[in-house]
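The values are calculated or read from the model by the stated rules, or taken from the named source; none is laboratory data. Keep in mind that what you see is a predicted model, and the values were worked out from it rather than measured. Reconstructed Cβ throughout: ideal geometry from the backbone, glycine too, with neighbour counts over all protein chains shown.
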């Protein structure tokens, strides 16, 4: 508990974390490029970013793009925030909020790309509505994504992947859907840039194949 309280206190003073109590928390919608990043580079967000390893790696790899890691857990965001500061990355920030509220922080079409990297699979039936590829979440993503923007999912969980594909097959507003059940043996591998988080390494060591899909909305 003391460690968490310490981390909460640290991120409360950091400019690369936007959270309740900070002025930008209530005013950032539609202003990420002009107010936060102060450039016109496209914005990529990683939802349920956890420790932020994927976002940080992308930000380092692509300095001409902006990145926002989103998670509700302040102690996890502390880690990503710390990594970004240690690597002196100015093209990444973190937002602490529930993903169901994501359209309060990003305007229509403001986001160029969304990553879901190893989200909680929520395997119990009672938690179906909490899966990040549930239709109510997909509608939020469609709203904030640029018309040519991609939604990307990377997961080790077969159940979540199959559920997602089933949900997508019922939609008529998708285009450019591509997927693989083993991204490292697929032509789609290059789209993931071989970035491996701590969780991916753990799953891969257990013999789990990494699934990947990407799509755009009409």
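Evaluation of residue 147 against the conditions (1) more than 30 Å from residue 31 (Cβ to Cβ); (2) loosely packed, with under 15 Cβ neighbours inside 10 Å; (3) in contact (Cβ under 8 Å) with a residue 40 or more places away in the chain shows that the sole unmet condition is (1).
Whenever a residue of the range 185-208 is at positive phi, its partners that are assigned to a helix (DSSP H, G or I), lying with C-beta atoms within less than 8 angstrom and at least six residues away or across chains, give the pairs 193/57; 193/58; 193/61. Summed over the range 177-206, residues that are part of a helix (DSSP H, G or I) and either surrounded by 12 or more Cβ atoms within 10 Å (Cβ to Cβ) or touching a helix residue (DSSP H, G or I) at 6+ places or on another chain (Cβ under 9 Å) (or both) total 12.
Residues satisfying the criterion are absent from the range 185-197 (criterion: in contact with a strand residue (DSSP E or B) (Cβ under 8 Å, 6 or more places away or on another chain), over 30 Å from residue 83 (Cβ atoms), modelled with pLDDT under 95 and not assigned by TED's automatic domain parsing to the domain that holds residue 60). Of the residues making up the range 145-163, none is farther than 17 Å from residue 119 by Cβ and in a helix (DSSP H, G or I).
For the range 53-78, taking the residues that are within 15 Å of the chain's Cα centre (by Cα), without any contact (Cβ under 8 Å) to a residue 60 or more places away in the chain and part of a helix (DSSP H, G or I), the one that is farthest from residue 32 (Cα to Cα) is identified as 76.
Of all the numbered requirements in (1) farther than 23 Å from residue 201 by Cβ; (2) out of contact with any helix residue (DSSP H, G or I) (no Cβ under 8 Å at 6 or more places or on another chain); (3) crowded, with 16+ Cβ neighbours inside 10 Å, residue 104 misses one, and that requirement is (3). Entry remark, the range 25-46: residues being buried (at least 18 other Cβ atoms within 10 Å of the Cβ) and farther than 17 Å from residue 84 by Cα number 2 in total. Regarding the range 133-140, can at least one residue be identified that is at pLDDT 95 or above, touching a helix residue (DSSP H, G or I) at 6+ places or on another chain (Cβ under 7 Å) and part of a strand (DSSP E or B)? For the range 133-140, residues at pLDDT 95 or above, touching a helix residue (DSSP H, G or I) at 6+ places or on another chain (Cβ under 7 Å) and part of a strand (DSSP E or B): absent. Looking across the range 16-33, the residues that are in a loop (DSSP other than H, G, I, E, B) and in contact (Cβ under 8 Å) with a residue 60 or more places away in the chain come down to 16, 19, 20, 28, 29, 30.
Do the conditions hold for residue 16, that is, is it outside the structural domain of residue 199 (by TED's automatic domain parsing), in contact with a strand residue (DSSP E or B) (Cβ under 7 Å, 6 or more places away or on another chain) and more than 29 Å from residue 134 (Cα to Cα)? When the stated conditions are applied, residue 16 passes them.
For residue 126, the criteria (1) in a strand (DSSP E or B); (2) free of Cβ contacts under 8 Å to residues at least 12 places away in the same chain hold in every case but one, which is (1). Look at residue 174 and say whether it is touching a helix residue (DSSP H, G or I) at 6+ places or on another chain (Cβ under 9 Å) and at pLDDT 95 or above. So residue 174 fits the description; yes.
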